[in-house]
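Engineer: Below are the structure tokens for one structure; questions will follow.
The values are calculated or read from the model by the stated rules, or taken from the named source; none is laboratory data. All values reported here derive from a predicted model rather than from experimental measurement. Neighbour counts are summed over all protein chains in view; Cβ atoms, including those assigned to glycine, are modelled from backbone coordinates with ideal geometry. To get the accessible areas, we keep the full protein, side chains included, count just its heavy atoms, and leave off ligands, DNA and RNA. Shrake-Rupley method; radii C 1.70, N 1.55, O 1.52, S 1.80 Å.
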Amino acid sequence: MIGAGVVGSSIAMALAERNLKALAVDIDLSGRLSSSEKNAGGVRATWWQPVNISLCRASIEYYERIATEIGFRQKGYLWLYERDTFAQAMEHIPVQRELGHPIDALAPAEVARRVPEIDRLDGIAGATFSPADGLVNPNLLKEHYRASAIARGATFVDRTYVIAIARGDSEIRLECWQSDNPLTDAELVRMMTEDGPGEAATGRTFELSANAIVIAGGAWSPTAIRLLGLRNYSNPIRRQICLVNCRATNLSQYGMIVDTSGVYFHNEGHHILAGYSPPDESPGYHFDYDGERFFTKEIWPRLHSRMSCMERLRHVTGWAGLYEVSPDRSAIIGRAAPRVFEAHSFSGRGVMQSYGAGQALAELIAEGRYVTFDASALSRERFERGEPVWEELHI
């Protein structure tokens, strides 16, 4: 396994559950720059593509069983729509319900009754509320997967970078470099963007051999894909999140709320967590957080235009992380080449699909086919066939 974030750790657990020996290498198991640690913690099956709904439903059903351990707060998603998108949302409710996802349609007046803080209804044609969706602690979820995998014999190797991959008829060999010391954030970014440790880094090289490998490196997956000579379809895109303070209101009784403007927010401890994805964000490994400027330009105007109680909203802190975005904004899961499997490019939904994706790929590896969790629609071949799985509800 190349990559041991929340998806890679889930796959390791699923492989170990099937009595397969799993070993995962990662340049930083703490995940300081990983999407697993820098996301908003939302978990939803409110999607329009059946495969995305199904993988999220499978994950949510698992999270319900371990809710206390992973901090799963099942308080629902309230999604506000403009006229055109609300009509489309109504068209997708039957398939969502058919796949076991509970969801209700709301008129604007019902939105105000459900969340009285939303007192400015301009532009809202309707909404959906999905009570089974919610919020999770991504770090606790990742650690759960790892602990379960280790208990079944899996191994995780830290501070390790794969510098070469050789595919043979019976095995795959990986040449790896392991740092002598923990790496700083700046060193991690330089290593991943410049394709290797460089002459200044100190460490040792070693080899690994395996019957098969899995690329599950999130936004860093293109490095391994290039080593294998495969086509990379995805790009890393910066996403910024703010923590803000609002003494005028308390949103703790609600789950995630997604506004018509694209801003999404939920209660986070004593604060409100809010994010927004500017459509003109350029691709690249950018981790700089724009701070107060981002809050003032993108977050506050949108929240205040929807809720008058947000007038005195105050910026506290924030951070930037990466989405690995595919051409159709759906994950790439499946067999990439003989003895090479992949699960990456989740386009912002790695946490919410991690369990279902891990189980699906482990089935494909162990059985040679999907059995319970069918992710065949997400194979890389869909791009060559001209059969994209375009996901509209992407924030």
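Engineer: Of ASP290, ASP26, ASP169, which is the most mobile in a GNM of the chain whose springs link Cα atoms less than 10 angstrom apart?
Structural biologist: With Cα springs under 10 Å in the chain, the top fluctuation among ASP290, ASP26, ASP169 is at ASP169.
Engineer: Expressed as a rounded percentage, what relative contact order does the stretch 254-395 have, with Cα pairs under 8 Å and six or more residues apart? Let's see the in-between values first.
Structural biologist: On the way: 172 pairs, mean separation 24.7, N = 142.
Reported relative contact order: 17 percent.
Engineer: For the chain, modelled as a Gaussian network with Cα springs under 10 Å, which listed residue fluctuates most, ALA132, ALA166, ALA216?
Structural biologist: Top of the fluctuation ranking is ALA166.
Engineer: Let me have the relative contact order for the chain, percent, based on Cα pairs under 8 Å that are six or more residues apart.
Structural biologist: Working: 872 pairs, mean separation 92.7, N = 395.
Computed value for the chain: 23 percent relative contact order.
Engineer: Hey, what's the stretch 150-210 come to in accessible area per residue, 1.4 Å probe, Å²? Could you put the intermediate results ahead of the total?
Structural biologist: Values: 3520 Å² over 61 residues.
Value returned for the stretch 150-210: 58 Å² of accessible area per residue.
Engineer: When the chain is modelled as a GNM with alpha-carbon springs shorter than 10 Å, which of SER35, SER252, SER59 fluctuates the most?
Structural biologist: Answer for the Gaussian network model of the chain: SER252.
Engineer: Additional query: First compute the accessible area of the chain with a 1.4 Å probe, then give the percent of it belonging to carbon and sulfur atoms. If you can, show how the numbers build up before the last one.
Structural biologist: Working: 7840 of 16470 Å².
Here carbon and sulfur together make up 48 percent of the probe-accessible area.
Engineer: For the pair ASP180 and ARG231, what calculated FRET efficiency results from E = 1/(1 + (r/R0)^6), where r is the Cβ-Cβ distance and R0 = 45 Å, to the nearest 0.05?
Structural biologist: Details: r = 35 Å, r/R0 = 0.77.
For R0 = 45 Å, the calculated efficiency reads 0.85.
Engineer: Okay, moving on. Tell me the relative contact order for the stretch 194-296 as a rounded percent, counting alpha carbon contacts under 8 Å between residues six or more apart. Mind dumping the intermediate values first?
Structural biologist: On the way: 96 pairs, mean separation 24.6, N = 103.
Relative contact order, the stretch 194-296: 24 percent.
Engineer: Between 0 and 90 degrees, rounded to the nearest ten: what's the tilt of helix 350-367 against the longest Cα principal axis of the chain?
Structural biologist: Approximately 40 degrees, to the nearest ten.
Engineer: Could I ask something else about it? Measuring with a 1.4 Å probe in the full set of protein chains, what accessible area per residue, in whole Å², belongs to the stretch 216-325?
Structural biologist: Working: 4690 Å² over 110 residues.
Roughly 43 Å² per residue, with all protein chains present.
Engineer: On a straight-distance basis, which aspartates and glutamates could pair with LYS75 in a cross-link, Cα separation under 18 angstrom, same-chain partners fewer than 8 positions away excluded?
Structural biologist: GLU61, GLU64, ASP104, GLU110, GLU117, ASP133, ASP259, GLU268
Engineer: Need the C-alpha centroid separation for the stretch 40-67 versus the stretch 89-160, integer Å.
Structural biologist: 7
Engineer: Here is a follow-up. Per DSSP H run of n ≥ 4, the term is -39500 (n - 2.57); total these for the chain, divide by its residue number, and report the mean residue ellipticity at 222 nm rounded to 500 deg cm²/dmol. Don't skip to the end; give the middle numbers.
Structural biologist: Details: 12 runs with 119 residues, N = 395.
When only DSSP H runs of four or more count, the value is -9000 deg cm²/dmol.
Engineer: Using only Cα atoms and rounding to the nearest 10 degrees, what angle (0 to 90) does helix 6-17 make with the longest principal axis of the chain?
Structural biologist: Its long axis makes an angle of about 60 degrees.
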